[in-house]
1. Would you be able to say whether some residue in segment 100-112 is assigned to a strand (DSSP E or B) and on the phi > 0 side of the Ramachandran plot?
2. So which residues in segment 69-98 are within 14 Å of TYR133 (Cα to Cα) and without any contact (Cβ under 8 Å) to a residue 40 or more places away in the chain?
3. Given the conditions (1) closer than 14 Å to LEU58 by Cβ; (2) exposed (fewer than 14 other Cβ atoms within 10 Å of the Cβ); (3) small (Gly, Ala, Ser), and given that ALA100 satisfies all but one, which numbered condition is not satisfied?
4. If we keep just the residues of segment 62-79 that are touching a helix residue (DSSP H, G or I) at 6+ places or on another chain (Cβ under 8 Å) and outside any helix (DSSP H, G or I), which is modelled with the lowest pLDDT?
5. I'd like the full set of residues that are loosely packed, with under 15 Cβ neighbours inside 10 Å and touching a Lys or Arg at 6+ places or on another chain (Cβ under 9 Å), limited to segment 114-133.
6. The conditions are (1) in contact with a helix residue (DSSP H, G or I) (Cβ under 7 Å, 6 or more places away or on another chain); (2) touching a residue at least 24 places away in the same chain (Cβ under 8 Å), and PRO165 fails exactly one of them. Which is it?
7. For segment 56-66, what are the residues that are in contact with a strand residue (DSSP E or B) (Cβ under 9 Å, 6 or more places away or on another chain) and either among the β-branched types (Val, Ile, Thr) or over 19 Å from TYR101 (Cβ atoms) (or both)?
Amino acid sequence: MTRRSLFVAGVAALAAAGALVVGALLSGDDDELEPVTVADVREGVARLVVDGRPTLRLWVVTTPEARAAGVNGHPLTPGEGMWFGWDELATSAFWMRGVAYPLLIAWVGPDQRVIRIDRMEPCAEPGAECPLYEPPSPFRWAIELLPEDRDASGLRPGARVGMRP
């Protein structure tokens, strides 16, 4: 075998291996997402992963104070979301007091799958009676995002979600 044919064979083998790696990364296989708990993350920023694909930048809030402040503590811009995490299954309702723009909320179960996505309307009027948005069942996480980011995020009922730094 000539030096040139060895080189061509090597390049072909590398290309095939690269294609396998890229295919595995893009496949969205459920095995790619490690289980995530509140202990795994700290307050700060992470990347939302939906069905194996990185999507929105997430502001991570895990303390009772940060969860209470929600987007009032950090308004969202396009391409961002907010991840609310609990150590145990939660049944907490959400509201939009002081928020001037609509949001979607994705309720995520203990299996890291989206249970349901609800639209939450703004409630910025001082003294207004703001509606409560109840989860469909006990949940582990809640992810808030702007309605215009839903398609780009890939969030939908049944989608498997995780986070990466």
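The values are calculated or read from the model by the stated rules, or taken from the named source; none is laboratory data. What you are looking at is a predicted structure, and each value in this text was computed from that prediction instead of being measured. Here Cβ is always computed from backbone atoms with ideal geometry, including for glycine, and neighbour counts include all displayed protein chains.
1. no
2. Listed by number, the residues that qualify are TRP95, MET96, ARG97.
3. All conditions are met except number (1).
4. In this case the residue turns out to be THR62.
5. Hits for segment 114-133 are ALA124, ALA128.
6. (1)
7. VAL60, VAL61, THR62, ALA66
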